[in-house]
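K.L.:
First the structure, which I've put down as structure tokens, then a few questions once you've had a look.
Readers should treat all values here as calculations from the given coordinates under stated rules, not as data from a laboratory. What you are looking at is a predicted structure, and each value in this text was computed from that prediction instead of being measured. Quick reminder, even Gly has a Cβ in these numbers, built from the backbone with ideal geometry, and neighbours come from all protein chains shown.
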Amino acid sequence: MTTRRTFLRSSAASAAAITLAGRAPAKAGPDKLTIGFIGCGGMGKHHLGHLVKHKQLNIAYVCDVDEKRLADAAKIVTGAGHAAVKAEKDLRKVLEDKAVNAVWMATPDHWHAPGAVLAADAGKHVYVEKPCSHNVREGRLMIEAGRRNKVHIQVGTQSRSTPTVAEAMKRLHDGAIGEVLVVKAWNSQKRRNLGHVKPSAPPRELDYDLWQGPVPEAPFYANRVHGMWRFFMDYGAGDMGNDGVHDIDVGVWGMKFATLPNRVASLGGKYFFDDDQEWPDTQYVVCEYDAGNGGPKPRQFIYEQRIWSPYVQEDYENGCAFYGTKGMLVIGHTVGWKLFGERNKPLEQMKGGVDLPAHHQNFIDACLKGEKLTAPAEVGHISASLCHLANISGRLRKTIEFDPTKEAVTNSPDANAMLHRKYRANHWAVPKGV
Ligand SMILES: NC(=O)c1ccc[n+]([C@@H]2O[C@H](COP(=O)([O-])OP(=O)(O)OC[C@H]3O[C@@H](n4cnc5c(N)ncnc54)[C@H](O)[C@@H]3O)[C@@H](O)[C@H]2O)c1
């Protein structure tokens, strides 16, 4: 493990940009992957708790821009027997090591696509947390980076590898509720007030410059970093892109949506919280798929968000419901599902939590044995971009007409411009091709 002195030295060295493009695709070993783990916060530590025990993984690096979080993660990993793990605060140090076959990324969203594209161009397979992008264009760039480097990119929507949810999908796809024309996902998980905070100096342990990365520089606010960044537009996609995207992704899976919709309308705002967060706490979204866009009839995707309600709806705090011509399937996030027939006749139900280790295993099997990913970037891009399009519609208070083939808005130059983001000029992590 690096000492504090080598840690600081390596950080200074890595301030110089390292060209990562053009590396050969990662060659996985026959039965073991050497990995770097990037972003060791709340979810990062949850992942690590599983990964340190995995017999097919050698954890060579932990990486975080916060020295305290980095040290905690290194302790978890060395404590579990990966004695040679190195602690680095600059992800370029991980990516330049040819021994690393794959990286796990549990950074904030604004780093997902920039980091994943760099990693793919360095020849690493990538497991990247959801939502896989900060905006629509980044998702497409991530797909292209995976394809051009022939590496696997798995997105962290673990329901895709969860057997209980797969059972529900089987019923749906076998026609148990007839023809399904409408799907609704919802998120009513109660959130907290983030307060009103003035700019201040970042804490000593945090390299705030690296934390911001390719995003335009902004003053430090204590309520916009660890865990809270998701509620601010420069860094996240609100709670729709945070927890909502899990159930939106189950909806995409169930409906077999392989493209984005033809039209998106969203209304909402901050009706409840009086604090600094920027995204809506109350939001309603309707997306329309025209006949011919993946099915013979028009279909609808609905999303509801009320992140202030101390009760659940349809029996589940967060979930996804499929409305068919013969019945209804209601899936609760990380809980199970219920199948109803005509006149709400209960037909079947299944309980069971979400299976994160199965999602890890699917990624490992893809890297080592070429097995098919359950949540490749192509899939993650659709789910994440549904959130981004809805947020654009909500911000402009305008129904968006969208061309799913060109991935372009056709009725509003302002909305079309919001498919991209502004980056910090000449930053080394601005995704290639943006
Ligand atoms: N799949 C799930 O069920 C699930 C659940 C929770 C969170 N998540 C996802 O996990 C990710 C992290 O969320 P969180 O709640 O742990 O946030 P967090 O803020 O607690 O953790 C993010 C960590 O990344 C570090 N970081 C930031 N920039 C970095 C960089 N350039 N290099 C290395 N480290 C960097 C931060 O210092 C922080 O420690 C998000 O994408 C979130 O959507 C997924």
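K.L.:
If I take R0 = 51 Å and measure r between the Cβ atoms of D31 and E342 in this structure, what FRET efficiency does the formula 1/(1 + (r/R0)^6) give, to the nearest 0.05?
P.N.:
0.50
K.L.:
Debye calculation, C-alpha points only, no solvent: report log10 I(q)/I(0) for segment 382-432 at q = 0.24, 0.29 Å⁻¹, in the same order as the q values.
P.N.:
-0.92, -1.13
K.L.:
Filter the trypsin sites (Lys or Arg not before Pro) in segment 339-412 down to the DSSP loop ones having no more than 11 other Cβ atoms within 10 Å, then list what survives.
P.N.:
Sparse-neighbourhood loop trypsin sites (Lys or Arg not before Pro): K372, R397, K406.
K.L.:
How are the Cα pair distances of segment 342-432 distributed, in percent, across 5 Å bins from 0?
P.N.:
3, 10, 13, 12, 12, 13, 14, 14, 7, 2, 1, 1, 0
K.L.:
Could you tell me, in Å, what Rg and Dmax come out for the Cα atoms of segment 136-240?
P.N.:
For segment 136-240, the Cα radius of gyration and maximum Cα-Cα distance read 19.9, 59 Å.
K.L.:
Separate question: Can you give the three extents of the C-alpha atoms in segment 348-392 along their principal axes, from longest to shortest, in whole Å?
P.N.:
39, 34, 16
K.L.:
In bins 10 Å wide, starting from 0, what share of all Cα pairs of segment 148-207 does each bin hold, as a percent?
P.N.:
Going from the shortest bin to the longest, the percentages are 13, 22, 23, 23, 14, 6.
K.L.:
Counting helices only, and only those DSSP H runs with n ≥ 4, report the 222 nm mean residue ellipticity of the chain as the sum of -39,500 (n - 2.57) divided by its residues, in deg cm²/dmol to the nearest 500.
P.N.:
For the chain, the value works out to -9000 deg cm²/dmol.
K.L.:
A further question on this structure: Using only alpha-carbon positions, what ratio does the radius of gyration of segment 261-336 give when scaled by 2.2 N^0.38 Å?
P.N.:
Here the Cα radius of gyration is 1.33 times the empirical estimate.
K.L.:
Under unit Cβ charges (Lys, Arg +1; Asp, Glu -1), what dipole magnitude, rounded to 20 debye, does the chain have relative to its Cα centre?
P.N.:
With Lys and Arg at +1 and Asp and Glu at -1, about 840 debye.
K.L.:
Provide the percentage of antiparallel DSSP beta bridges, counting only those with both residues in the chain; round to the nearest 5.
P.N.:
Here the share of antiparallel DSSP bridges comes out near 65 percent.
K.L.:
Can you pull out the GluC sites (Glu not before Pro) in segment 288-360 that DSSP calls coil and that have at most 12 other Cβ atoms within 10 Å?
P.N.:
Here no loop site has a sparse enough neighbourhood.
K.L.:
Would you kindly calculate the mean projected area, averaged across all directions, of the convex hull enclosing the Cα atoms of segment 54-103, in square nanometres?
P.N.:
Mean orientational projected area (segment 54-103, Cα hull): 3.4 nm².
K.L.:
Counting only chymotrypsin sites (Phe, Trp or Tyr not before Pro) that are in a DSSP loop and have at most 11 other C-beta atoms within 10 Å, tell me the longest site-free stretch of the chain.
P.N.:
Here the longest run is 1-270.
K.L.:
Something else about it: Determine, at each q value in 0.09, 0.13 (inverse angstroms), the log₁₀ of I(q)/I(0) that the Debye formula gives when each Cα of the chain is one equal point scatterer.
P.N.:
-0.55, -1.17
K.L.:
Now for a separate question. DSSP loop trypsin sites (Lys or Arg not before Pro) in segment 165-195 with at most 14 other Cβ atoms within 10 Å of their Cβ, which ones?
P.N.:
K190, R192
K.L.:
Rg to Rh for segment 190-265: what is it, with Cα atoms only and Rh by Kirkwood?
P.N.:
That ratio equals 1.10.
K.L.:
Could you list, in their original order, any pairs among K256/K372; K45/K98; K68/K432 whose Cα atoms are separated by more than 27 Å?
P.N.:
K68/K432
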